[in-house]
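Enquirer: To start, I am sharing the structure in question, which I have written as structure tokens.
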Amino acid sequence: MHLDLSADVVRLFTTRLDHMGVEWRHPDPRTISVAKKASVALMGLHVGPEY
């Protein structure tokens with residue numbers, strides 16, 4: 001399956017992460033990584049806990 005990744009969607013998502021104070025990285029065109037414990041916890045406040 002081929003995923004068509006929209007630069008606009010990536011920009012919207014990463015801009016929102018920036019506004020929330022979430023540290024992220026974009027190591028390749030198909031991945032946005034949030035790995036630091038504090039940033040994962042912050043995302044959990046906004047989108048729900050990780051199970």
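The values are calculated or read from the model by the stated rules, or taken from the named source; none is laboratory data. Since this is a predicted model, take the numbers as computed values, not measurements. All Cβ positions, glycine included, derive from the backbone under ideal geometry; neighbour counts span all protein chains shown.
Enquirer: Name the one entry in 10, 22 that is surrounded by 12 or more Cβ atoms within 10 Å (Cβ to Cβ), assigned to a loop (DSSP other than H, G, I, E, B) and at pLDDT 85 or above.
Expert: Details: 10 fails: assigned to a loop (DSSP other than H, G, I, E, B).
Just one listed residue meets the conditions, 22.
Enquirer: Tally the residues that are out of contact with any helix residue (DSSP H, G or I) (no Cβ under 6 Å at 6 or more places or on another chain) and of a type in the set (A, V, I, L, M), restricting the search to segment 21-33.
Expert: Residues meeting the conditions: 1.
Enquirer: Follow-up. Take segment 25-34 and flag every residue that is in a loop (DSSP other than H, G, I, E, B) and at pLDDT 90 or above.
Expert: 34
Enquirer: Among the residues of segment 25-34, which ones are touching a Ser or Thr at 6+ places or on another chain (Cβ under 8 Å) and either of a type in the set (Gly, Ala, Ser) or exposed (fewer than 10 other Cβ atoms within 10 Å of the Cβ) (or both)?
Expert: Within segment 25-34, just 27 meets the criteria.
Enquirer: A further question follows. When both residues are 6+ apart or on different chains and their Cβ atoms are under 7 Å apart, which pairs have a first residue that lies in segment 19-32 and is in contact (Cβ under 8 Å) with a residue 24 or more places away in the chain, and a second that is not hydrophobic (A, V, I, L, M, F, W, C)?
Expert: 20/46
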